[in-house]
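Written below as structure tokens is the structure these notes are about.
The values are calculated or read from the model by the stated rules, or taken from the named source; none is laboratory data. A quick note: this is a predicted structure, and the numbers were derived from the prediction, not measured. Here the Cβ is made from the backbone with ideal geometry for all residues, glycine too, and neighbour counts use every protein chain on show. In case anyone asks, the SASA skips ligands and DNA or RNA and just uses the protein heavy atoms, side chains included. Shrake-Rupley method; radii C 1.70, N 1.55, O 1.52, S 1.80 Å.
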Amino acid sequence: MALIYQLTAFYGFRRSEVLGLKWDSIDFERNIIVIKHIVTATEINGKRTIVEADRAKTNSSIRSMPLVGEFREKLLALKEQQEKNKKVCGNSYNKKYIGYLFVDEMGNLLKPDTVSNNFKDIIKKNHLKPIRFHDLRHSCASLLLANGVPMKQIQEWLGHSDISTTANIYAHLDFTSKVYSANTMEHVLKFPEGKITTGW
């Protein structure tokens, strides 16, 4: 599951988006990942049910992302491992979820709650500050903002439908950039030293 967490932290994916990734969404020739399918868990008639859908949260959620070299190699290795699992398991391999990136050795789709609970266990085992799986998405946005990426670009990276959504969530983090602006202005715009007069 390490690759799930790495992709989520790097791209700021929603849990439903990373688990909904299929091989036909990965273009290894053009190095593009297309977010267009989701896998989520919901309560239906009192029963926890997995929902697969060819749609994202909003139209803007359907987006193309650059496939960087390191992840390209990891995904190619994952694809190769899946092919080996299919051969080893034979008829026991679950054919229902062929096409998905994140299945177990027997071809069963990884459940959203399992992924989140496993992440929680990893955090606890390594004595790290408790965070939710979804906080990986927030960490991605925070790092982008801290490194000078404009809010509009962060909106597009995360797949928010409206920039106000991005701004409302990360406005408190944007204060750092304002401090930088203030320091820049203080350096550039030098006020005369001495007593301030009131004459205009």
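Taking every residue in region 123-146 that is within 18 Å of R15 (Cα to Cα) and pairing it with any residue that is surrounded by fewer than 16 Cβ atoms within 10 Å (Cβ to Cβ) and polar (S, T, N, Q), at least 6 positions away or on another chain, the pairs with Cβ-Cβ distances below 6 Å are F133/S116. With the structure loaded, tell me whether K96 is basic (K, R) and without any contact (Cβ under 8 Å) to a residue 24 or more places away in the chain or whether it fails that test. It is true that K96 is basic (K, R) and without any contact (Cβ under 8 Å) to a residue 24 or more places away in the chain. Being of a type outside the set (F, W, Y) and under 25 Å from L158 (Cα atoms): is that true of V51 here? Yes. The strands (runs of 3 or more DSSP E) located wholly in region 1-72 that include 3 or more residues which are loosely packed, with under 14 Cβ neighbours inside 10 Å and at negative phi occupy 38-44, 47-53.
There is no residue in region 4-17 that is more than 30 Å from I163 (Cα to Cα) and basic (K, R). If the condition is being farther than 16 Å from R14 by Cα and either surrounded by 15 or more Cβ atoms within 10 Å (Cβ to Cβ) or among the hydrophobic types (A, V, I, L, M, F, W, C) (or both), then region 106-117 contributes M106, G107, L109. V103 falls short on exactly one of the conditions (1) open to solvent by less than 50 Å² (accessible area, probe 1.4 Å); (2) without any contact (Cβ under 8 Å) to a residue 24 or more places away in the chain; (3) more than 21 Å from I35 (Cα to Cα), and that condition is (3). In region 56-71, the qualifying residues are those that are of a type in the set (A, V, I, L, M, F, W, C) and either closer than 10 Å to N31 by Cα or at pLDDT 90 or above (or both), and the one that is nearest to the chain's Cα centre (by Cα) is M65.
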